[in-house]
Each structure stands twice: as structure tokens, then as C-alpha cells.
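**Student:** Questions regarding the structure given below will be posed in turn.
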Amino acid sequence: MSYAIRAEGLVKRYGDMVALNGVDLEVPAGKVVGVLGPNGAGKTTTVRILATLLRPDGGRATVGGHDVVRDPVRVRGLIGITGQYASVDETLSGTENLVLLGRLLDLSKRDAKARAAELLERFELTDAATRPISTFSGGMRRRLDLAASLVGRPQVLYLDEPTTGLDPHTRNEMWEVVRRLVADGSTVLLTTQYLEEADQLADRITVIDHGRVVAEGRPGELKRRVGGQILHVRPTLPADLDEVGRILFELTGLTPARDVNTGLLTVPAADPMLVSALVRRLDGAGIAADELGLRLPSLDEVFLALTGRPAAQAKQDIVAERNVA
């Protein structure tokens, strides 16, 4: 298998704080690898090292076979990067931003204009090409920012939390853009704190927590690591939640998790016959359910199983640690 990115034992320290503590990462050519973890886990630090913007304190990494420390110029010629926030100039138009970048990349004036027009059409921004970026919506800015990272026709694209701050509709639009890029042969390293985003886009996922890799594999493989499947049931009447919870405990010996907002009860289920047993018990008790079935665990549940805390709590813990430091 051909790898566009390989990193072994990456270490990065900021004083007494260890941001990366031996991170290994492999990204096959033409695939999407998601680096999943809460804010502060080390995702952006990893990207900055792979983009030659930071020197690691230990370990090594190559992009397209070129060492990021010994041969940074060649690495930069292979990559494009889109950060968490739009980096375009708001006083310029979409066309002017892309032409400027093309000229900085040594394209002729004619070629820079042609590349700008091509990318504006590709990202459905042609109608707004002459408008100042200050008039763009958040989704339009993110699409232009992604277009800007492609001006130099990079072989490898780093997307560092590309949908941060976007509403769900615009986020879905960005996901479609990424899918089209991969279909056209791009290699993508995607960092995200959104579990659903990694599940939707990534061929493989590396989970980082406190600067360490805690798991890696295909989304389905990671979900199966939690063990078995998840039985979920939502009683029609909220008043039946306690009784359904008691029945689940009697059938599994486990206290089910309860979502107080949705009224959904979930519990690990190693035996697929548990569904039939639950249906019989609910029928006998005269309890109706709007939702009942088995599924693989979510990536959020995977994160909880791997780290002992949900992703949201992990984010809070890291913020607290930074405040203390």
C-alpha cells in the first residue's frame, strides 16, 4: 500500500506541557483519514508538524516520501491546508483572493485567472466571484477557503476542523465538497472534534486523547471494539421510562443509560435474542415503544469506552487543565 503521510513517534513539548507524546499516523494515498479528539488533544499540533510549520521534538514524519524536517520545501509543494477559520482577505473579492494566491505560487497572470475561475465554478461561487468576501455567508467563506487551498493543485490536503462554527446545513454542504475531492483522487487528512463528521467522511480514524493515540481503525472496527451492539428503546409514554429501565436491568444485569432530552434508553447487548425478550416483556407490561432495535455503538460511545469519559467531558477537562497551567 502506498502512503501519502507517515508519522512515527511524534513528540512536541511546550515547556512542561507535552502536546504530543509519541503519535503514529499513516494516511494511504487517495483516502481520508480522520484524526478524532476534543480540543487540545493534539490534532492541530500534528497537522502543523506535517505542514512544516512546527518542528517536532521527537520522532519523524514524511509526506509523499519527503521528510518534513529535512526537506520542508518539497513537502510544501505537495500540500494544501485549510485551518479552523477562513484565511482569505475580506476586503478582496473571491476572484482577487484566488488570483493573488496563484501569483504567489508563481502562476502567470493568465494561468492564475484561469485557475481562479475553475475553482470558483467548482465550488459554486461564480455568481459571487466579484463580491467582497465581507458579504459572503459563513458557508461561502469556508468553500472559498477550501478553494484557496487547492490553487496549487496539492496532492495532499489537510483539513483542520474545517466545519468549526458552521450550522448543520452548511456542514453537510462541506461534507459533500470533501467527498467530491476524494472522488477526484485527493488524499485528505481530516482533524475534527465532531464524531459524526469522522463517521461520515473517514476511511480510517485515529483517536487522540491528551497527545496519545488511544485507538485507530475503520469506523465500524472502532465501534465493534466497544463490544457487541447497543440495544436502544424509546417508550411512547415518558411515564414508562422507569419501568422500561427496570426491565432492561433484569434482562441484562446492566443499568441502562438514559437521555433525559429524548427519552431514549440504551444498554450494551451481547445477545441478539435480547430484542425478542424485551418485546415480550414490554407487551406483557402493556408498554408501547416508538423506537426499539439494535445498532453498533456510536463513535461517541467508542470515545467513552476508550478514554473513560465522553468527548464533551474530555473537552472540558482539557480546558480546565489549560486554565490551571
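The values are calculated or read from the model by the stated rules, or taken from the named source; none is laboratory data. Quantities reported herein were computed from a predicted structural model and do not represent experimental measurements. Methodologically, a virtual Cβ is constructed for each residue, glycine included, from the backbone with ideal geometry; neighbour enumeration extends over all protein chains shown. The accessibility values were calculated without ligands, DNA or RNA, using every heavy atom of the protein model including side chains. Shrake-Rupley method; radii C 1.70, N 1.55, O 1.52, S 1.80 Å.
**Student:** Name the single residue that is most open to solvent (accessible area, probe 1.4 Å) among those in segment 262-276 being in contact with a helix residue (DSSP H, G or I) (Cβ under 9 Å, 6 or more places away or on another chain) and aliphatic (A, V, I, L, M).
**Tutor:** Top of the filtered list is 270.
**Student:** While we're looking at this one, here's another question. Suppose the filter is under 28 Å from residue 196 (Cβ atoms), open to solvent by 10 Å² or more (accessible area, probe 1.4 Å) and outside any loop (DSSP other than H, G, I, E, B); does residue 115 pass it?
**Tutor:** no
**Student:** Another one. Select from segment 277-319 the residues that are open to solvent by less than 50 Å² (accessible area, probe 1.4 Å), at pLDDT below 65, of a type outside the set (Val, Ile, Thr) and part of a helix (DSSP H, G or I) and list them in ascending order.
**Tutor:** 311, 314, 317 - these are the residues of segment 277-319 that are open to solvent by less than 50 Å² (accessible area, probe 1.4 Å), at pLDDT below 65, of a type outside the set (Val, Ile, Thr) and part of a helix (DSSP H, G or I).
**Student:** Which numbered condition in (1) at pLDDT 85 or above; (2) not charged (D, E, K, R); (3) not in a helix (DSSP H, G or I) is the only one that residue 268 fails?
**Tutor:** Of everything listed in (1) at pLDDT 85 or above; (2) not charged (D, E, K, R); (3) not in a helix (DSSP H, G or I), residue 268 misses just condition (1).
**Student:** Mind checking which residues of segment 143-173 are assigned to a helix (DSSP H, G or I), open to solvent by 10 Å² or more (accessible area, probe 1.4 Å) and either out of contact with any strand residue (DSSP E or B) (no Cβ under 9 Å at 6 or more places or on another chain) or not small (Gly, Ala, Ser) (or both)?
**Tutor:** 143, 168, 169, 170, 171, 172, 173
**Student:** Looking at segment 52-69, is at least one residue touching a Ser or Thr at 6+ places or on another chain (Cβ under 6 Å) and hydrophobic (A, V, I, L, M, F, W, C)?
**Tutor:** Looking only at segment 52-69, we keep the residues that are touching a Ser or Thr at 6+ places or on another chain (Cβ under 6 Å), and these are 68.
From the residues that got through so far, the ones that are hydrophobic (A, V, I, L, M, F, W, C) too are 68.
Yes: segment 52-69 contains one or more residues that are touching a Ser or Thr at 6+ places or on another chain (Cβ under 6 Å) and hydrophobic (A, V, I, L, M, F, W, C).
**Student:** Please indicate, with yes or no, whether at least one residue in segment 96-111 is without any contact (Cβ under 8 Å) to a residue 12 or more places away in the chain, assigned to a helix (DSSP H, G or I) and of a type in the set (Asp, Glu).
**Tutor:** yes
**Student:** Under 22 Å from residue 178 (Cβ atoms), surrounded by fewer than 20 Cβ atoms within 10 Å (Cβ to Cβ) and among the aliphatic types (A, V, I, L, M) - does that describe any residue in segment 89-101?
**Tutor:** Within segment 89-101, none of the residues are under 22 Å from residue 178 (Cβ atoms), surrounded by fewer than 20 Cβ atoms within 10 Å (Cβ to Cβ) and among the aliphatic types (A, V, I, L, M).
**Student:** If I filter segment 241-261 for residues that are over 27 Å from residue 290 (Cβ atoms), surrounded by 14 or more Cβ atoms within 10 Å (Cβ to Cβ) and modelled with pLDDT of 90 or more, do I get at least one hit?
**Tutor:** Checked segment 241-261: no residue is over 27 Å from residue 290 (Cβ atoms), surrounded by 14 or more Cβ atoms within 10 Å (Cβ to Cβ) and modelled with pLDDT of 90 or more.
**Student:** Scanning segment 118-136 for residues that are part of a loop (DSSP other than H, G, I, E, B) and open to solvent by less than 60 Å² (accessible area, probe 1.4 Å), which turns out farthest from residue 92 (Cα to Cα)?
**Tutor:** Looking at residues that are part of a loop (DSSP other than H, G, I, E, B) and open to solvent by less than 60 Å² (accessible area, probe 1.4 Å), I get 123.
**Student:** Sticking with this one: Can you list residue pairs whose Cβ atoms sit under 6 Å apart, with the first residue in segment 252-281 being farther than 22 Å from residue 238 by Cβ and the second being among the small types (Gly, Ala, Ser) and surrounded by fewer than 18 Cβ atoms within 10 Å (Cβ to Cβ)? Count only pairs 6 or more apart in sequence or on different chains.
**Tutor:** So the pair list comes out as 268/228; 269/228; 270/228.
**Student:** Against the definition (under 18 Å from the mean Cα position of the chain (by Cα), β-branched (Val, Ile, Thr) and open to solvent by less than 20 Å² (accessible area, probe 1.4 Å)), how does residue 45 come out, yes or no?
**Tutor:** Taking the combined requirement at face value, the residue does not satisfy it.
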